[in-house]
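The values are calculated or read from the model by the stated rules, or taken from the named source; none is laboratory data. All values derive from a computational prediction rather than experimental measurement. A quick note on method: Cβ atoms are made from the backbone with ideal geometry, for glycine too, and the neighbour counts reach across all protein chains shown. These accessible areas exclude ligands, DNA and RNA; they are computed on the full protein's heavy atoms, side chains included. Shrake-Rupley method; radii C 1.70, N 1.55, O 1.52, S 1.80 Å.
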Amino acid sequence: MKICVVGTGYVGLVAGTCLAESGNDVTCVDKDESKVERLRRGEVPIYEPGLEELIWRNAGVGRLHFTTELATSVRAAEVVFVAVGTPPGERGEADLSGVFAVARGIGDALDGEKIVVIKSTVPVGTADRVREIIAERSPHPFEVVSNPEFLREGQAIGDFMNPDRIIIGARSDRARSRMAFLYQPHIDEGHPILYMDNRSAEMSKYAANAFLATKISFINEVANLCERLGADIDEVRRGIGSDERIGHRFLSPGVGYGGSCFPKDVKAMVDMGVTVQYPMRILHAVEAVNEDQKHLLAEKVLATHGPDLTGRVYALWGLAFKPQTDDMREAPSVVIVERLLAAGAQIAVYDPEAMGEARKELGDRVRYAPGAYEALEGADALLIATEWKEFHRPDLQRVRSLLRSPVVFDGRNVYDPSLLREGGFTYVSIGRG
Ligand SMILES: NC(=O)c1ccc[n+]([C@@H]2O[C@H](COP(=O)([O-])OP(=O)(O)OC[C@H]3O[C@@H](n4cnc5c(N)ncnc54)[C@H](O)[C@@H]3O)[C@@H](O)[C@H]2O)c1
């Protein structure tokens, strides 16, 4: 099929590339000229394992193209995906200006029948509004399909190719059957396609993310209680995760969730409730717990070393909001760094992939170490904010010899407490009372 994907961020670039990989002819459109130029040169602007090779392969055989030209790309395509960002607006609502701008562009360009697929995460009712915007500008027939994306950064290719489910919100059988044709390679491999109305599809995406965020805040709250009552959250996780109704995933305590999705989608769902005078009480609590959790590691440092950290130096391993990505959006590491800097500390940071993004966020207020061990030199403690694999099994003797004092504040419970204590460390982690 001939496909146009508007927006070449994490979602658009992965979706476009994977659709090209299944043999479709895909044109990816972005308004950011420099991004499009880089993609044309074969440079991939984000870190996502496996993506670069797939882009090269599909662009190389002429199935994947990059452009800033929306109108011509829309006209040439049968299906147009909208995958632009929907960042939080002032009161936490999803900012739909990008989606609506693209809808206007599509309406102006339409010259024949099209299927417009909204892949961006958008509040309930957005597909209806997009339908109105396009209809106001064009007499040509079109369908608006809601096809929310559930990929995870860091595993995006695998998630897109092997989805737990493909949700299609649509009004007509014709739109449903074209979407089924497009996703046939995935359906053939046993991945289910679920049909529903547009509003339920839009809601499904928010409900999924809000539920996962709730799981994280829940386990963080339980961890904090464990700490105060002398229980061990690792044991409790085993105890509850083995219950099939609960499951083991998303039950790891830590310094809170971040990233481009959970924080903004929880806020947007709260806002959806506000618009219909239905307060989302659980989600308010989920957010409040998460905000506090982001401060927890810095608070543990302040409780240990006192409120004035002047003259103290800290090494921070991990900046990205989670491993396998360079994404720093809403990363807990930023809150930790800001709190320590505000108390007068100096900080050396290291992350395997997010150093470039971190520079944009933190500027020259921290020292950027070329490697994990280099960050440790002369530090009063090591802090861990992201559980990258390479932090799991460091040479502990070397860590000890480089630190000024052998103290580890572990925000992701990466280490076995007894191992660290045997190694002569003072070890502070989350919820292991
Ligand atoms: N990142 C994720 O893991 C993820 C997962 C599932 C769903 N989503 C959702 O998918 C959507 C996109 O997320 P993302 O992380 O890829 O965003 P992103 O910010 O990484 O990328 C968005 C891209 O859209 C482009 N863009 C914005 N307005 C445009 C316009 N008018 N015309 C052309 N291009 C335009 C931007 O230049 C940018 O390249 C969001 O709604 C997000 O909530 C994201």
Assuming R0 = 60 Å, can you tell me the calculated FRET efficiency for the pair T304 and A76, based on Cβ-Cβ distance, to the nearest 0.05?
-> 0.45
Can you give the net charge of the other residues whose Cβ lies under 11 Å from the Cβ of E299, counting K and R as +1 and D and E as -1?
-> +2
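I'd like the carbon and sulfur percentage of the solvent accessible area for the chain, probe radius 1.4 Å, heavy atoms only, ligands and nucleic acids excluded.
51 percent
Suppose every Lys and Arg Cβ carries +1 and every Asp and Glu Cβ carries -1, with no other charges. What dipole size does the chain come out with about its Cα centre, to the nearest 20 debye?
Values: 51 positive and 63 negative charges, 42 e Å.
For the chain, the charge dipole is close to 200 debye.
State the extension gain, in nm to one decimal, for the chain segment bounded by H191 and R165, taking 0.36 nm per residue of separation less the distance between their alpha-carbons. Each step should come with its number before you reach the end.
Details: separation 26, 0.36 × 26 = 9.36 nm, distance 0.59 nm.
Roughly 8.8 nm would be gained on extension.
Efficiency by 1/(1 + (r/R0)^6): what FRET value for E132 and E53, r their Cβ-Cβ distance, R0 = 41 Å, to the nearest 0.05?
That pair, E132 with E53, gives E of 0.50.
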Segment S22-E374, length gained on full extension (0.36 nm per residue, minus Cα span) | 122.3 nm
Could you work out how far apart the two model spin labels at D232 and S34 are, taking each label as a point 7 Å from the Cα in the direction of the beta carbon, and quote it in nm?
-> 5.0 nm
Looking at Y314, V270, M280, which one has the Cα that reaches farthest to the positive end of the dipole of region 262-428 (charges on Cβ: Lys, Arg +1; Asp, Glu -1)?
-> Y314
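Going highest first, how would you order 9-19, 54-64 by mean Cβ packing within 10 Å? List each step's numbers first, then the result.
Details: 9-19: 24.9, 54-64: 16.9.
The most tightly packed comes first, giving 9-19, 54-64.
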Determine the sum of side-chain charges near R339: Lys and Arg each +1, Asp and Glu each -1, restricted to other residues whose C-beta is under 14 angstrom from that of R339.
-> -1
Which percentage, to the nearest 5, of the DSSP beta bridges contained in the chain is antiparallel?
-> 5 percent
Within a Gaussian network of the chain (alpha carbon springs, distance under 10 Å), most fluctuating of A385, A231, A298 | A231
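Given a 1.4 angstrom probe, what's the average accessible area per residue across the chain, in square angstrom? Write down the numbers at each step before the final one.
Numbers: 19000 Å² over 433 residues.
I get 44 Å² per residue for the chain.
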Please identify, among Y373, Y257, Y278, the residue showing maximal mean-square fluctuation in a Gaussian network model of the chain using a 10 angstrom Cα cutoff.
-> Y278
Inter-label distance, nm, simple model (7 Å from Cα along the C-beta direction), H140/R91 | 3.8 nm
Assuming R0 = 30 Å, can you tell me the calculated FRET efficiency for the pair R245 and D416, based on Cβ-Cβ distance, to the nearest 0.05?
-> 0.55
So, by mean Cβ neighbours within 10 angstrom, what's the order for 397-406, 148-157, 262-271 with the highest one leading?
-> 262-271, 148-157, 397-406
